[in-house]
Each structure stands twice: as structure tokens, then as C-alpha cells.
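Working notes for the structure below.
Each reported figure results from applying straightforward, stated rules to the coordinates on display, with no laboratory input. Since we're looking at a predicted model, the values are computed, not measured. Positions of Cβ are generated from backbone atoms using ideal geometry, with glycine treated the same way; all protein chains shown enter the neighbour counts.
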Amino acid sequence: MRLSEPLVHLFDFPVDEILAHLPGPASPDWEQDPLRQKTFAVHRRTRSILFEWLDNNWQPGMPVTVQSFRYASGELVSAVSKVAGLIGERYSGPVVKLMLAELAPGGEIPVHYDSVPALMNVHRCHLPVRTNENVKFFIDHRPYSLKAGSVYEFDNTRWHSVINESAVPRVHLICDVMPPTSMQAA
């Protein structure tokens, strides 16, 4: 969604419960994502755990049909649902995408911008769960250091990329909320 600023801090949210139930790197949960890595070439070097997914072919005026995934533990689903509920309430709309996204040490998400209505008409929010100062999130080629436990909305219609120059995986919870105005017919 187009914002006047590239990145907006929304609120802080403790990530301890999410971290406590986060699957380890060898868990098959990280390999079950049938959609994100296969659909978007820029995300092929990431791994995801999906919770909610709106098809990327969605257009304004179409029904908002969200597919739920429940292969992660109930405790993890509960933990991520708490912050997703707060973000949904903030924007008075349904959560249409909810996922944990991991970027491996030394990994990179190439520069891109989101250009389909299902991604451009939402509030795209990130909650860094595991990160550090060697992970750089670029928006319009400017580096940002996002803090664990802070929820941000960012303008995903701008050029963005990520580089993990650290020795540990970077994990973000990504939550898209569809505002009621985007669900109306064009």
C-alpha cells in the first residue's frame, strides 16, 4: 500500500512466545510452503511457514477468500495470531496473509516491488522475530535496521530488498491486512 513514508513504526510486541515455539532449522515446517517460494523468484532463497494466504490473483471486487494452513504447532499458531489480531484491529480489516519468513545467513532477497493488487492493496506489516544489526532491509535503496519486537508497516510498492550479512537466520512475521475500501468493487 502506498504510504507517505517508506516505513512506519506501529507498536511494540514481545516476541518471546513466538521464539519459544519457533521450529528449529531442520523442522519440516519450514519446507511445507507450497506457494511463496515457488511463486516469487525473489523469495526462492527464503523459507516460510504459512498461516493465512490470499491468492495473488485476487482483484478488487472479488471475494476475499483466505486459505488457512495449520501444519505448525498449535502453540505457534496461537502466538502469531495474537499479534495478527492486533494488526487487523488497527486497520479494521481481515488478515489475508500471515507467515513467518526466514532468510538464511548470507541470504539475499533481490530488489523488487510488489505489483499485483493482492499485494498492493494491503497494509504490509513486519514483526522482526529474530534479527540483528547485520541484517539490512532496504527500501528505495536506503538501509533500515528493524528491531525485534517492533511492528512496522512498510510501503511494499517501493523498491525493497534484504541482505542477511549475519551468521544466523533472520525471521520476520509478515502480516497483510486488507482494508475494507480495497474489498469494494473497482
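The slack between Gln67 and Asp12, meaning 0.36 nm per residue of separation minus the straight C-alpha distance, is 17.0 nm. Top mean-square fluctuation among Ser161, Ser145, Ser81, Gaussian network model of the chain, C-alpha springs under 10 Å? With Cα springs under 10 Å in the chain, the top fluctuation among Ser161, Ser145, Ser81 is at Ser145. Histogrammed with a bin width of 5 Å, the alpha carbon distances of region 7-179 distribute as 1, 9, 18, 24, 23, 17, 7, 1, 0 percent, first bin at zero.
For region 1-106, report the translational diffusion coefficient in µm²/s to the nearest whole number, using Stokes-Einstein at 37 °C, 0.692 mPa s, and a Kirkwood Rh over Cα pairs. Taking Rh from Cα pairs, D becomes 212 µm²/s. Of Leu22, Leu86, Leu100, the residue with the greatest mean-square motion in the GNM of the chain, using alpha carbon springs below 10 Å, is Leu86.
Neighbours of Pro179 by Cβ distance under 15 Å: Lys/Arg scored +1, Asp/Glu scored -1, total 0. Here the 3J(HN,Hα) profile of region 44-53, calculated from phi with Karplus coefficients 6.51, -1.76 and 1.60 at θ = phi - 60°, is 5, 9, 10, 10, 9, 10, 8, 10, 9, 8 Hz, Gly and Pro shown as x. Mean sequence separation of contacting Cα pairs (under 8 Å, at least six apart), scaled by the length of region 114-168, corresponds to a relative contact order of 42 percent.
Based on C-alpha pairs under 8 angstrom that are at least 6 apart in sequence, region 7-179 has a relative contact order of 30 percent.
In sequence order, region 124-134 has phi-based couplings of 8, 10, 10, 10, x, 9, 9, 7, 7, 5, 8 Hz under the Karplus curve 6.51 cos²θ - 1.76 cosθ + 1.60, θ = phi - 60°, and Gly or Pro positions carry x. Placing +1 on each Lys and Arg Cβ and -1 on each Asp and Glu Cβ, with no other charges, gives region 7-179 a dipole about its Cα centre of roughly 260 debye. DSSP bridge analysis restricted to the chain gives an antiparallel fraction near 100%, rounded to the nearest 5.
Potential lengthening of the chain between Asn134 and Arg44 amounts to 30.3 nm, from the contour at 0.36 nm per residue minus the alpha-carbon distance. Taken along its principal axes, the alpha carbon cloud of region 118-183 reaches lengths of 41, 23, 15 Å, longest axis first.
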